[in-house]
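Derivation of every value follows stated rules applied to the coordinates shown; laboratory data play no part. Since this is a predicted model, take the numbers as computed values, not measurements. For neighbour counting, all protein chains shown are included, and Cβ atoms are generated from backbone atoms with ideal geometry for every residue, glycine included.
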Amino acid sequence: MKHINRFKDDKFISLISRFAAEYFSIESSKDSLMTITKTELFDRGKRASVYFTALPVEKEGAALEFAKRRRQDFRRFMMSKKSFGFTPKIDFYIDEGEHNRQKIDRLSNESNIENLINKS
């Protein structure tokens, strides 16, 4: 039975992520590009956390304020898609984990370049 619930949760997470990406591509200003990176469910689907990054990075604070201000509009948008019997309480967060991953990638690439230069 847990397998079925996990499948439903995964589908629910996927839909929330897809709708968040669609909503913010339509509604956000073109000053920054918001990318949905992760969605998590809590309390048996009653709450959801949506994580995103924004480019340029300097605009992330404004993007977060915008997302938090538009939470209710986003819930109405999801309901209009008729994919949900109910919508969870949504909250938005900047994905710091994605920033850390990008920093590790950058440092790793710099290290690889240094190693190549030193071998020459």
Checklist entry - Which of T53, S111, F86 sits closest to the plus end of the dipole of the chain, meaning its Cα is farthest towards the positive end, when Lys and Arg get +1 and Asp and Glu get -1 on the C-beta? => result F86
Item to check | Counting DSSP beta bridges with both ends in the stretch 2-95, the antiparallel % (nearest 5) | outcome: 60
Checklist outcome for this item: Ranked by GNM mean-square fluctuation in the chain (Cα springs under 10 Å), the top entry among I104, I90, I13 is I104
Next on the checklist: Can you compute the charge dipole magnitude of the chain about its Cα centre, using +1 on each Lys and Arg Cβ and -1 on each Asp and Glu Cβ, nothing else charged? Give it in debye, rounded to the nearest 20.
Outcome noted: 820
Checklist outcome for this item: Per the rule of 0.36 nm per residue minus the C-alpha distance, extending E110 to E27 adds in nm 26.2 nm
Next on the checklist: If neighbour count is taken as other Cβ atoms inside 10 Å, put L33, L55 in order from fewest to most.
Outcome noted: L55, L33
Checklist entry - Pick from A48, A62, A20: which is most flexible by mean-square fluctuation in a GNM of the chain where alpha carbon atoms under 10 Å apart are linked? => result A62
Checklist entry - For the chain, what is the mean residue ellipticity at 222 nm derived from helices alone (per DSSP H run of n ≥ 4: -39500 (n - 2.57); sum divided by total residues; nearest 500 deg cm²/dmol)? => result -19500 deg cm²/dmol
Checklist entry - What percent does the relative contact order of the chain come to when contacts are Cα pairs within less than 8 Å and at least six residues apart? => result 22
Checklist entry - Build a GNM of the chain with springs between Cα atoms under 10 Å: which of D31, D73, D43 gets the top mean-square fluctuation? => result D43
Checklist entry - Taking the simple approach of a point 7 Å from Cα along Cα-to-Cβ for both R18 and E58, what is their distance in nm? => result 3.7
Checklist entry - Helix 60-69: angle to the longest alpha-carbon principal axis of the chain, degrees 0 to 90, nearest 10? => result 0
Item to check | Entry for percent of Cα pairs over 25 Å apart (calculated from the structure that is shown) out of (i) 32; (ii) 51; (iii) 36 | outcome: (iii)
